[in-house]
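The values are calculated or read from the model by the stated rules, or taken from the named source; none is laboratory data. Here the structure is a predicted model, which means the values were calculated and not measured. Don't worry about glycine lacking a Cβ; one is built from the backbone with ideal geometry, like all the others, and counts go over all protein chains shown.
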Amino acid sequence: MNPDIPLQLLGGLTAREFLRDYWQKKPLLVRQAFTDFESPIDPDELAGLALEEEVESRIVLEHGERPWELRRGPFEEDTFATLPERDWTLLVQAVDQFVPEVAELLEHFRFLPSWRIDDVMISFAAPGGSVGPHFDNYDVFLLQGHGKRNWKVGQRCDSESPLIEHADLRILADFEQSDEWTLAPGDMLYLPPRLAHYGVAVDDCLTYSVGFRAPSAAEVLTHFTDFLSQFLPDEERYSDADAQPASDPHQIQHDALDRLKTLLAEHMGDERLLLTWFGQFMTEPRYPEQVTGETLAEQELLDSLERGAILVRNPSARLAWSEVDDNLLLFASGQSRLLSGHLRSLLQSICSADALHGENLAEWLEDEEAVTLVCQLVQQGSLGFADE
Ligand code: SIN
Ligand code: CO
């Protein structure tokens, strides 16, 4: 993707300009990021998804049994008939995993790494509906899908920002408004992490949130060190063959810290293990139970493709690839595989979720490593056969 082409999605900015001036820095309002936008899902379909066991959904009622009542799905069909006329919101997480037309929207965000994207959350709000003034720790693009929503943005927040007392929702006690816009279908608002925002539905409205993910420093350190420790033998320990006589045996001297720093640096700086861990971590599926494979022999795979079968990425799978020396690493739903460099274009099409079939796989079907890889991805559940 050419980063210097003006994009309608970014209001005519190029990806390079957007990343330089706005990404993680300041909000950007784009009128008509999508011209004549028609929501691929309607409020009834969204409510239907919220009945499903495997879908994460919530309802926020501003004046419920208590202020800002939070109810968690799955919901019963008659739940919606009992809701008031106004001031409530239904939020459904990861709709892109269940509705292919919603997943297609993500194609417009290919100027950002796909492993940074979390999901497309869709909310339906009755007039006045809102989840309150709050901040998120992630970047988000808020695309208006249907109806109108008023967005106010405010101050930069952090974990010290005062919140109202609430068991489940993080609602800001103070909101210092700096800007305000009303968004119509096709308009989009980009918000950097930790910027206070407050969206209130003007009429019945659908809002799409393309949310991003960034592991916290605490997650990086705990998960990476857990991963690393599997490779460290018990005999590798703090060692001090260079020890000097202690002047006070109760004092921890700074040379001990230097030895510890050397030990940490040696392992934390292992780029290959860091890459392997990071790729596995960032491709862990949100719903692992949706990534279940099937038994398949390589010959069965070849026969099916010959009969015209089509392989597609499981919408719940996450895929990424990287280079190590002359080889490639493929990360698929939390697992990694080291592969030879000649498979690069195959990995690119697998990761970009192209449909794979006998024709576009042709040359690869002669390649033993490629066939094994595709077969393993089906066995693991990252790829699956499209319904006939
Ligand atoms: C919403 O769609 O109601 C909330 C989205 C957000 O503020 O993060
Ligand atoms: Co938010």
* Counted residues, the stretch 60-102 - those being within 16 Å of ligand 2 (Cβ to nearest atom), under 30 Å from residue 317 (Cα atoms) and over 21 Å from the mean Cα position of the chain (by Cα) -> 3
* To do: Can you give me the number of residues within the stretch 135-149 that are under 16 Å from residue 180 (Cβ atoms) and part of a strand (DSSP E or B)?
  => 3
* To do: Quick one: which residue in 193, 185 is within 22 Å of the chain's Cα centre (by Cα) and over 12 Å from residue 132 (Cβ atoms)?
  => 193
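Do we have residue 349 as surrounded by fewer than 18 Cβ atoms within 10 Å (Cβ to Cβ), within 30 Å of residue 268 (Cα to Cα) and either of a type in the set (S, T, N, Q) or in contact with a Lys or Arg (Cβ under 9 Å, 6 or more places away or on another chain) (or both) here? Explain how you work it out, then say what you get.
Details: surrounded by fewer than 18 Cβ atoms within 10 Å (Cβ to Cβ): yes; within 30 Å of residue 268 (Cα to Cα): no; either of a type in the set (S, T, N, Q) or in contact with a Lys or Arg (Cβ under 9 Å, 6 or more places away or on another chain) (or both): yes.
No: the conditions fail for residue 349.
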* Please determine, by comparing only the residues of the stretch 121-176 that are over 17 Å from residue 67 (Cα atoms) and acidic (Asp, Glu), which one is nearest to ligand 2 (Cβ to nearest atom). => 136
* To do: Say whether the condition of being over 24 Å from residue 215 (Cα atoms), more than 12 Å from ligand 1 (Cβ to nearest atom), of a type outside the set (Lys, Arg) and assigned to a helix (DSSP H, G or I) is met by at least one residue in the stretch 150-165.
  => no
* **Elements of type strands (runs of 3 or more DSSP E) contained in the stretch 286-388, each with 2 or more residues being of a type in the set (Gly, Ala, Ser) and out of contact with any Pro (no Cβ under 7 Å at 6 or more places or on another chain)** => 319-324, 335-340
* Asked: Which of (1) in a helix (DSSP H, G or I); (2) within 11 Å of ligand 1 (Cβ to nearest atom) does residue 101 not meet, given it meets every other one?
  -> (2)
* **Unique residue being touching a helix residue (DSSP H, G or I) at 6+ places or on another chain (Cβ under 9 Å) and not β-branched (Val, Ile, Thr) when the list is 191, 274, 257, 264** => 274
* Asked: Filter the stretch 223-254 for residues that are loosely packed, with under 12 Cβ neighbours inside 10 Å and not in a loop (DSSP other than H, G, I, E, B); which is nearest to the chain's Cα centre (by Cα)?
  -> 226
* Does the stretch 38-53 include one or more residues that are in a strand (DSSP E or B), crowded, with 16+ Cβ neighbours inside 10 Å and in contact (Cβ under 8 Å) with a residue 60 or more places away in the chain? -> no
* Single condition residue 198 does not satisfy, out of (1) of a type in the set (Phe, Trp, Tyr); (2) over 24 Å from residue 283 (Cα atoms); (3) assigned to a helix (DSSP H, G or I) -> (3)
* Asked: Name the pairs: first residue in the stretch 123-138 and not assigned by TED's automatic domain parsing to the domain that holds residue 89 and of a type in the set (Lys, Arg), second residue modelled with pLDDT under 95 and more than 9 Å from ligand 1 (Cβ to nearest atom), Cβ to Cβ under 6 Å, at least 6 apart or on different chains?
  -> none
* Qualifying position, being over 17 Å from residue 113 (Cα atoms), out of contact with any Asp or Glu (no Cβ under 6 Å at 6 or more places or on another chain), modelled with pLDDT under 95 and among the aliphatic types (A, V, I, L, M), among 353, 386 -> 386
* Asked: Residue check: is residue 65 away from ligand 1 (no atom under 16 Å from the Cβ), surrounded by fewer than 16 Cβ atoms within 10 Å (Cβ to Cβ) and modelled with pLDDT of 95 or more?
  -> no
* Subset tally (residues that are closer than 24 Å to residue 47 by Cα, more than 9 Å from ligand 1 (Cβ to nearest atom) and among the polar types (S, T, N, Q)) for the stretch 125-149 -> 1
* Asked: Taking the condition surrounded by fewer than 20 Cβ atoms within 10 Å (Cβ to Cβ), among the charged types (D, E, K, R), more than 13 Å from ligand 1 (Cβ to nearest atom) and touching a residue at least 40 places away in the same chain (Cβ under 8 Å), does residue 213 pass?
  -> yes
